[in-house]
Amino acid sequence: MIVLVALALARPVDGGSYAFDESDVVAFVDGPAGAARVWYSVEGPNLVLQGDADLDGVPDFAALVAEMTEAVLVTYADAGFRTIPPDEGEGGSDAMDVYLVDFGGNADGHYSTENCVGRVCGGYFVMENDFAGYGYSDIDSAVRTLTSHELFHGIQAAYDSSEASWYQEGTAVWAEQLFDPENEDFVHFCSAYLQDTGRSIDNPPAGPVPEFAYATALWWWFLTERYGDAWLVDFMESTAGTDDLLDLMEAQTDLRADWIDFATWNAATGSYSGVAESYPFAADLRDIAFEDRGATVDDDQRFYPLAANYYRVDLEGGAVVFGLGADAPDLEFHLWATDAEGRVTAPAATLPNTAGGHALGELDAGRYIFFGVNPTRAEDSTKVRVCLGPDAAECAPAADTGDTDTADTAADTGGDDTGEAPGDCGCATGSAPAGALVGFAAVCVLRRRVLPGG
């Protein structure tokens with residue numbers, strides 16, 4: 001059904017930033033089940049993507065959005081999530097209203113809440129009107145991604161509309177994959193997480209919602225793989241009116257053990273995947289970003305709660321020593337071997353978390369992945385010198401080194417809070433030359449994370 005209406009019926013978007021122009025001629029089409037109503041411009045600056053293959057008078061794009069919106073709502077209902085509260089007849093029905101407007105490349109979708117009772121809200125969403133110039137592989141992929149993502153924000157608001165961005169955006173990306181297991185947007189953001197694993201999961205960079213918040217989808221996928229999709233339904237039920245998500249998570253999971261396994265799975269991704277246990281889509285992800293790579297590790301590193309830091313070590317074979325500059329009781333350290341093709345295979349040695357040098361015995365020549373994990377909810381990060389390599393010298397504790405950094409925890413966010421989205425920007429290659437040996441007695445130098453691969 002297509003009906004022309006007066007523009008005055010169209011709802012404004014927050015602040016009026018994304019709305020129909022006064023010169024737009026606006027129409028709507030209802031979905032097959034009547035659960036969705038899609039509003040679009042048939043004339044004006046927000047003209048919807050043209051094309052009407054079935055000659056029914058409705059642009060195919062608008063009809064696709066209506067059908068996909070209803071399919072997404074059914075998927076979420078079947079999974080056991082709450083339904084989005086009705087909009088009390090806004091737009092002339094209780095259907096989920098979707099508005100197709102031109103975002104001008106600044107965004108591609110936005111969910112708006114309304115009719116709130118406390119922190120539980122209904123709402124509608126606005127979506128790009130033609131995706132011209134966007135990076136989606138095709139229109140179908142774009143519509144699948146946006147409808148599943150924005151509607152899950154509606155599901156979240158049916159429980160609590162005021163939760164933290166890392167939860168809201170991470171679970172919305174997770175939901176994209178629930179609706180469409182082949183979703184390319186989900187894989188993109190999971191890869192982005194692997195470029196900033198040293199940041200605490202609940203501390204995205206400051207400023208507008210950053211890529212890291214979306215990228216936490218990888219953690220949510222891991223949890224639902226371990227506990228089932230129904231776990232997230234139960235978790236969301238318990239979030240209503242609660243601000244401390246980690247308290248809830250800790251009560252409903254084995255958080256320490258889960259985080260260690262999560263960090264281990266992350267090591268076996270990209271070109272390092274294929275042998276060790278990891279995600280079924282591990283090969284589709286980018287290689288994890290290393291703090292450094294070379295013949296040894298000698299680094300003064302800050303390990304943040306619920307985070308992990310990775311190094312690639314190319315050992316020449318023979319006796320290997322692991323050293324810590326101080327006791328680090330909150331941390332776990334792992335050394336995994338790789339096979340001839342560079343794939344992570346199995347643990348190579350047991351690493352202690354006490355100060356001093358620890359002989360690991362004779363290890364075969366080859367490439368290894370070394371990583372430190374902080375699986376705790378400690379109030380402070382742990383800053384400690386870590387050393388690994390063939391040199392027999394001990395990684396002696398510095399005279400003024402303590403177990404933890406006691407800096408103000410408000411600044412303890414697991415990275416530089418620049419407000420910039422993580423990813424390739426700001427990363428610099430800084431790996432040691434092949435065969436270079438850095439003695440344990442050398443001065444530790446802070447290194448910027450290096451890009452994966454190579």
Wholly inside segment 272-344, strands (runs of 3 or more DSSP E) that include 3 or more residues that are of a type in the set (Gly, Ala, Ser) are 318-324
Taking the residues in segment 158-197 that are polar (S, T, N, Q) and part of a helix (DSSP H, G or I) as candidates, determine which candidate is surrounded by the most Cβ atoms within 10 Å (Cβ to Cβ). THR171
Report yes if some residue within segment 204-215 is outside any helix (DSSP H, G or I), in contact with a helix residue (DSSP H, G or I) (Cβ under 8 Å, 6 or more places away or on another chain) and aliphatic (A, V, I, L, M); otherwise report no. yes
GLU291: passes all of (1) under 22 Å from PRO204 (Cα atoms); (2) modelled with pLDDT under 95; (3) buried (at least 21 other Cβ atoms within 10 Å of the Cβ); (4) among the acidic types (Asp, Glu) but (2)
Just one listed residue, out of ASP244, ASP258, is farther than 24 Å from THR75 by Cβ, surrounded by fewer than 22 Cβ atoms within 10 Å (Cβ to Cβ) and free of Cβ contacts under 8 Å to residues at least 12 places away in the same chain, and it is ASP244
Pairs under 7 Å by beta carbon, first residue in contact (Cβ under 8 Å) with a residue 40 or more places away in the chain in segment 21-39, partner among the polar types (S, T, N, Q), six or more apart or different chains? GLY31/THR69; ALA36/THR69; ARG37/SER93
Can you say whether CYS116 is assigned to a strand (DSSP E or B), surrounded by fewer than 19 Cβ atoms within 10 Å (Cβ to Cβ) and touching a Ser or Thr at 6+ places or on another chain (Cβ under 8 Å), as far as the supplied structure shows? yes
Would you confirm, using the coordinates I've provided, whether PHE235 is touching a residue at least 12 places away in the same chain (Cβ under 8 Å) and touching a Gly at 6+ places or on another chain (Cβ under 9 Å)? no
Please go through segment 201-238 and pick out each residue that is over 15 Å from LEU178 (Cβ atoms), surrounded by fewer than 20 Cβ atoms within 10 Å (Cβ to Cβ) and among the hydroxyl-bearing types (Ser, Thr, Tyr). SER238
With criteria (1) in a loop (DSSP other than H, G, I, E, B); (2) touching a residue at least 40 places away in the same chain (Cβ under 8 Å), GLY135 comes up short on (2)
Just a yes or no: is a residue in segment 76-88 of a type in the set (A, V, I, L, M) and free of Cβ contacts under 8 Å to residues at least 24 places away in the same chain? yes
Expected output for segment 151-164 (first residue of a type in the set (D, E, K, R), partner assigned to a helix (DSSP H, G or I) and modelled with pLDDT under 95, Cβ below 6 Å, 6+ apart or cross-chain) is ASP160/THR239
Top-ranked residue of segment 328-340 - restricted to ones that are within 25 Å of ALA192 (Cα to Cα) and of a type outside the set (A, V, I, L, M), ranked as surrounded by the most Cβ atoms within 10 Å (Cβ to Cβ): THR338
Counting only residues in segment 296-327 that are at pLDDT below 95 and of a type in the set (Gly, Ala, Ser), the one surrounded by the most Cβ atoms within 10 Å (Cβ to Cβ) is identified as GLY323
Being closer than 20 Å to ASP261 by Cα and of a type outside the set (Asp, Glu): is that true of ALA192 here? yes
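The values are calculated or read from the model by the stated rules, or taken from the named source; none is laboratory data. In this text, all values refer to a predicted model and were calculated from it rather than measured experimentally. Using ideal geometry, Cβ is built from the backbone for each residue, glycine included, and neighbour counts are taken over all protein chains shown.
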